[in-house]
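**Student:** There's a structure below that I have some questions on.
The values are calculated or read from the model by the stated rules, or taken from the named source; none is laboratory data. Predicted model, so just to flag it, every value in this text is computed and none were measured. Every residue, glycine as well, gets a Cβ built from its backbone with ideal geometry; the counts of neighbours run over all protein chains shown. Ligands, DNA and RNA are stripped out before the accessible areas are found, and what is left, the full protein with its side chains, is counted by its heavy atoms. Shrake-Rupley method; radii C 1.70, N 1.55, O 1.52, S 1.80 Å.
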Amino acid sequence: MAAPPNGTRKPPLREQSWARIRELFALAPDATHLNTGTVGAMPREVLDTADRVTREWTGGLLDVYPPTLYPEHRATIAKAYGIDQDELVISHNATEGMARVIHGLDLRAGDEVLTTSHECYSVLSNFNLLRNRHGVVIRTITPPTGFDVRAEEVVALFEQSITPRTKVLAFAGITLFTGMMLPIRALCELAHRHGLTTVIDGALLAGMLDCDFRATGADFISCSGSKFQCGPLGTGLLYVRNKVHPEHNPLPLPEFWPIISTWYPMQGAPPPRTTTSVESCNIGDYLQSAGSASIARGAALARACELWDEIGRDRIERRVFELAEHARGRLAERFGTAAMYSPGSDPGLRSPLIAFHPFTDPRDAWNVKKVAEFVARLESEHRIWTRWTEFDVPGSPHQHYAARICTHIFNDHTEIDRAVDVMGRLAAAMS
């Protein structure tokens, strides 16, 4: 960003235009990045922080085994998400966080986990491992798809699938395949009524929503640091509920084993888990301390979170969703609402991830090669980065494939309009 002339004060980020904020990012000027749901774009300050701290600890041989890793960075990040340092772990990614939660739960043969077929591959594979290793029963429901899906349908589908053996309710806050934002608080309240532990794949929540993790009522939320939060690759945020706040979640803390921990005592056991709003031990320390780690990635992720705080997380959320509504409207105009797999009628289910069928023949929704070619040509011929997704559809004998776009603060209306126009012409030519 250009320096202000003659010492004039540069306005704070919260007051700067979105065009100026776009300049914070190390993005090629001719790139249209509509795939933040896969990986974000790092601001230059985040890149610089990672490089600076790497050089400092490499050249100075700093301590990579401090008593608690990243205490100040964890505190910075935790504050941004409405929680405390003892509940926050800087993980390598959302997948690692979900795996550590799934395998740390106290589940036995015959216990049931209720989840969906629209979960990330890595989530379902870890649950399958739990089934094969311990005999845990994994029950999956297939969420409805389409423009007119309502939140009540989704909650009812979960509720009717709970059995007396259900112990865990696990779901994505936003599904990566269709972009449905599940009714998180309603599902957590459903879990509270049935005494269930809640595990949320929040890979797509952090950095998009002005989000208070504690207020969701969840027990565990695992997020990506490199998607909407725009931190370095190899960073994630893991929230582990470590206190009982009855107004958010009245249930006792679930029994949880902090696997992969060098902080867990070599003899004896940690203190018993608290039953109040004051922690009895720092569960974050147990999970964070897992051998040596890159000090730079914690510093860089914390800097990304600080930048978001400076821009204003409420402002970011409004901008992301305003762009998404513009994109959703343009896609609906060009392809029709019948082509939309993502919810549109119910505002509570909408997210900035929008999946749609670009071709005129409905059978092409089963043709993975054609959908993949469509996405590949957008990139190679037009420098528009999107992705394709695959998912089950209720009542369909075939898995469906869709193109998916998502909006973030470095996008603008002009490039969205151009992208939709290009998609329309390319789809027509391919149809």
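**Student:** For the chain, set up a Gaussian network in which alpha carbons nearer than 10 Å are linked by springs, and say which option among Asp106, Asp210, Asp285 fluctuates the most.
**Tutor:** Answer for the Gaussian network model of the chain: Asp106.
**Student:** For the stretch 208-314, what does the alpha-carbon gyration tensor say about shape, rounded, prolate or oblate, given a ≥ b ≥ c as the root eigenvalues, a/c under 1.5 as rounded, and a/b over b/c as prolate?
**Tutor:** Oblate is the answer for the stretch 208-314, as a/c is 1.5 or above yet b/c matches or exceeds a/b.
**Student:** Testing the spin-label approximation: label points 7 Å from Cα along Cα→Cβ at Arg185 and Arg418. State their distance in nm.
**Tutor:** Here the answer is 3.9 nm between the modelled labels.
**Student:** Which residue fluctuates most in the GNM of the chain (Cα springs below 10 Å): Ala269, Ala339, Ala156?
**Tutor:** Result: Ala269 has the largest fluctuation of those listed.
**Student:** What are the aspartates and glutamates whose alpha-carbon lies under 16 Å from the alpha-carbon of Lys10, with same-chain residues fewer than 8 places away excluded?
**Tutor:** Glu23, Glu310
**Student:** Let me ask something else about it. Please list 3J(HN,Hα) in residue order for the stretch 117-132, calculated via the Karplus relation 6.51 cos²θ - 1.76 cosθ + 1.60 where θ = phi - 60°; whole Hz, with x for glycine and proline.
**Tutor:** The phi angles translate into 6, 9, 6, 4, 3, 5, 6, 5, 5, 5, 5, 5, 4, 4, 5, 5 Hz.
**Student:** For Ser125 and Gln399, FRET efficiency with R0 = 22 Å and r from the beta-carbon atoms, rounded to 0.05?
**Tutor:** Plugging the Cβ-Cβ distance into 1/(1 + (r/R0)^6) gives 0.85.
**Student:** Using only Cα positions of the chain, each an equal point scatterer, no hydration layer, compute I(q)/I(0) via Debye at q = 0.11, 0.12 Å⁻¹ and quote the log10 values to two decimals.
**Tutor:** Debye output, listed in q order: -0.87, -1.03.
**Student:** Using the Karplus equation 6.51 cos²θ - 1.76 cosθ + 1.60 (θ = phi - 60°), what ³J(HN,Hα) coupling, rounded to whole Hz, does each residue of the stretch 294-309 give in order, writing x for Gly and Pro?
**Tutor:** Coupling constants for the stretch 294-309: 6, 4, 5, 5, x, 5, 5, 5, 4, 5, 4, 5, 5, 4, 5, 5 Hz.
**Student:** Considering only protein heavy atoms and a 1.4 Å probe, what is the carbon-and-sulfur percentage of the accessible area of the chain?
**Tutor:** 54 percent
**Student:** When DSSP assigns beta bridges and you keep just the ones with both residues in the chain, what percent turn out antiparallel, to the nearest 5?
**Tutor:** 55 percent
**Student:** Taking θ as phi - 60°, what are the ³J(HN,Hα) couplings along the stretch 180-185 by the Karplus curve (6.51, -1.76, 1.60), each to the nearest whole Hz, with x for Gly and Pro?
**Tutor:** 6, 8, 5, x, 4, 5
**Student:** Something else about it: Treating cross-link reach as a plain straight distance, find the lysines whose alpha-carbon is under 29 Å from the alpha-carbon of Lys370, omitting any fewer than eight places away in the same chain.
**Tutor:** Partners within reach: Lys227.
**Student:** Can you list the lysines whose alpha carbon is less than 21 Å from that of Lys243, not counting same-chain residues fewer than 8 positions off?
**Tutor:** Lys79, Lys167
**Student:** How much accessible surface does Glu23 have with a 1.4 Å probe, in Å² rounded to 10?
**Tutor:** Surface accessible to solvent at Glu23 totals approximately 80 Å².
**Student:** Using DSSP, restrict attention to beta bridges with both residues in the stretch 182-292 and report what percent are antiparallel, rounded to the nearest 5.
**Tutor:** For the stretch 182-292, the DSSP antiparallel bridge percentage is about 55.
**Student:** Out of residues 5 or more away from His245 or on other chains, whose amide H comes under 5 Å of its own, with H placed 1.01 Å from N in the peptide plane?
**Tutor:** Under 5 Å from the amide H of His245 lies no amide H from a residue far enough along the sequence or on another chain.
**Student:** A further question follows. Taking springs between alpha-carbon atoms closer than 10 angstrom, which of Pro246, Pro265, Pro43 fluctuates most in the Gaussian network model of the chain?
**Tutor:** Looking only at Pro246, Pro265, Pro43, the largest GNM fluctuation is found for Pro265.
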